[in-house]
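Here's the structure we're looking at; comments come further down.
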Amino acid sequence: MPHISNFCNYILHQKRYSPHTVTAYKIDLEQFSQYLLSDFEINSFKEVNSSLIRSWIVHLIEKGISTRSINRKISTLKSFYKHLHKNNEVESNPLLKVVTPKTSKRLPVFVGESEMSNLFSEIEYADNYEGIRDKLILEFFYGTGIRLIELVNLKISSIDNGNSTIKVIGKRKKERIIPFGDKLKNEIYQYLKERKKLSTSETSLFLTEKGKKIYPKLVYRVVNYYLSMVTTASKKSPHVLRHTFATHMLNKGADLNSIKEILGHANLSATQVYTHNTIEKLKNIHKQAHPKA
């Protein structure tokens, strides 16, 4: 439908959503459109009312779709119909009368401090370009809390060794500066010396052994491989290292607002989820240490 294409162009070029997010929105809207057509023979978004949307929600629940995924799809529809209403494509927004299913709060998975210490002190990395690069990738995630796509898109020029900072382009093209410590600074120096041997004109910081820009699947495999050596956590992804960075910072007394800025969160509520992890840690300490716990 042209409405879907117009909306996707709008959020990509004007709202500056990432291509990955735009693709997810497009899939949600196409699935909803297919449902309308197959179950109700409706091929116009103008004919949709709140009852139809509720029936779609029931349909998704019956298919075993998780509450979190359903709420994401509803969020997509809300943004879509808000856009249609703003452009006078529909008379009213049918989502205003729809109540989203309640979700249980899921705490972010993170790796313990001792496991992270083992990752950098006990694990042996290959004494070649790939080994040095892989260790630096892990150091970057844990030392700065950046996202996977942000790491992939880093340039050599993103690094300011003099000020020990990196310039990161985050969601919606927002730029932020993240500080890093002396250990990571030394790792970067060693990596760049090895990187020069690749004889490439590529400006991206992280490269494959063939001198090409690194890609997300490769980074995910690297993180998963090495985390599997030190933790039995249910998830072993770059985002888990981002969670680990934030949780460990809070455990050491870092200010929540400062962590928000480093992570590039748009609002504080996104950062506050990490306080649940630290509260759980405090509960455990209290239970173990207090005589009346």
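The values are calculated or read from the model by the stated rules, or taken from the named source; none is laboratory data. All values derive from a computational prediction rather than experimental measurement. As a convention, Cβ positions derive from the backbone with ideal geometry for all residues, glycine included, and neighbour counts pool all protein chains shown.
Say whether the condition of being under 14 Å from the mean Cα position of the chain (by Cα), surrounded by fewer than 18 Cβ atoms within 10 Å (Cβ to Cβ), modelled with pLDDT under 95 and outside any strand (DSSP E or B) is met by at least one residue in the stretch 160-173.
Within the stretch 160-173, one or more residues are under 14 Å from the mean Cα position of the chain (by Cα), surrounded by fewer than 18 Cβ atoms within 10 Å (Cβ to Cβ), modelled with pLDDT under 95 and outside any strand (DSSP E or B).
Check Phe120, Phe110, Phe32 and return the single one that is over 22 Å from the mean Cα position of the chain (by Cα), closer than 30 Å to Lys252 by Cβ, surrounded by 15 or more Cβ atoms within 10 Å (Cβ to Cβ) and in contact (Cβ under 8 Å) with a residue 12 or more places away in the chain.
Exactly one residue qualifies, and that residue is Phe120.
Taking Leu136, is it touching a Ser or Thr at 6+ places or on another chain (Cβ under 9 Å), buried (at least 20 other Cβ atoms within 10 Å of the Cβ) and at pLDDT 90 or above?
Taking the combined requirement at face value, the residue does not satisfy it.
Tally up the residues in the stretch 189-240 that are in a loop (DSSP other than H, G, I, E, B) and not charged (D, E, K, R), please.
Taking the stretch 189-240 as the starting set, the residues that turn out to be in a loop (DSSP other than H, G, I, E, B) are 199-203, 205-206, 208-212, 214-215, 228-237.
Subset that is not charged (D, E, K, R): 199-201, 203, 205-206, 208, 211, 214-215, 228-234, 237.
Number satisfying all stated conditions: 18.
Which members of the stretch 35-76 meet the condition of being of a type in the set (D, E, K, R), closer than 17 Å to Leu96 by Cα and without any contact (Cβ under 8 Å) to a residue 40 or more places away in the chain?
Hit for the stretch 35-76 is Glu47, nothing else.
Suppose the filter is surrounded by 12 or more Cβ atoms within 10 Å (Cβ to Cβ) and in contact (Cβ under 8 Å) with a residue 12 or more places away in the chain; does Leu218 pass it?
Working: surrounded by 12 or more Cβ atoms within 10 Å (Cβ to Cβ): yes; in contact (Cβ under 8 Å) with a residue 12 or more places away in the chain: no.
When the stated conditions are applied, Leu218 does not pass them.
Please specify each residue of the stretch 73-107 satisfying the condition of being of a type in the set (Lys, Arg) and at pLDDT 90 or above.
Result: Lys73, Lys78, Lys82, Lys86.
So, of the residues in the stretch 20-29 that are without any contact (Cβ under 8 Å) to a residue 24 or more places away in the chain and surrounded by 15 or more Cβ atoms within 10 Å (Cβ to Cβ), which turns out to be farthest from Ile149 (Cα to Cα)?
Lys26
Here is a yes/no grid of residues against (1) part of a helix (DSSP H, G or I); (2) over 30 Å from Val152 (Cβ atoms):
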site: Asp39; (1), (2): yes, yes
site: Ile53; (1), (2): yes, yes
site: Val58; (1), (2): yes, yes
site: Asn71; (1), (2): yes, no
site: Glu91; (1), (2): no, yes
site: Met116; (1), (2): yes, no
site: Phe120; (1), (2): yes, no
site: Ile137; (1), (2): yes, no
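Quick check on Arg16: is it assigned to a loop (DSSP other than H, G, I, E, B), within 21 Å of Ala266 (Cα to Cα) and not acidic (Asp, Glu)?
yes
Taking Ser201 as the residue in question, decide whether it is at positive phi, outside the structural domain of Ser50 (by TED's automatic domain parsing), over 20 Å from the mean Cα position of the chain (by Cα) and surrounded by fewer than 17 Cβ atoms within 10 Å (Cβ to Cβ).
no
Among what's in the stretch 225-260 and is hydroxyl-bearing (Ser, Thr, Tyr) and surrounded by 15 or more Cβ atoms within 10 Å (Cβ to Cβ), pick the residue that is modelled with the highest pLDDT. Spell out how you get there, then give the answer.
Taking the stretch 225-260 and keeping what is hydroxyl-bearing (Ser, Thr, Tyr), we get 225-226, 228, 231-232, 234, 237, 244, 247, 258.
Adding the requirement that they be surrounded by 15 or more Cβ atoms within 10 Å (Cβ to Cβ) leaves 226, 231, 237, 244, 247.
Values: Tyr226: 96, Thr231: 90, Ser237: 92, Thr244: 91, Thr247: 87.
Among residues in the stretch 225-260 that are hydroxyl-bearing (Ser, Thr, Tyr) and surrounded by 15 or more Cβ atoms within 10 Å (Cβ to Cβ), the one modelled with the highest pLDDT is Tyr226.
Can you pull out the residues in the stretch 49-97 that are of a type in the set (Val, Ile, Thr) and buried (at least 17 other Cβ atoms within 10 Å of the Cβ)?
Scanning the stretch 49-97 gives Ile53, Ile57, Ile70, Ile74, Thr76, Val90.
On the given criteria, is Asn186 more than 23 Å from Lys217 (Cα to Cα) and part of a helix (DSSP H, G or I)?
yes
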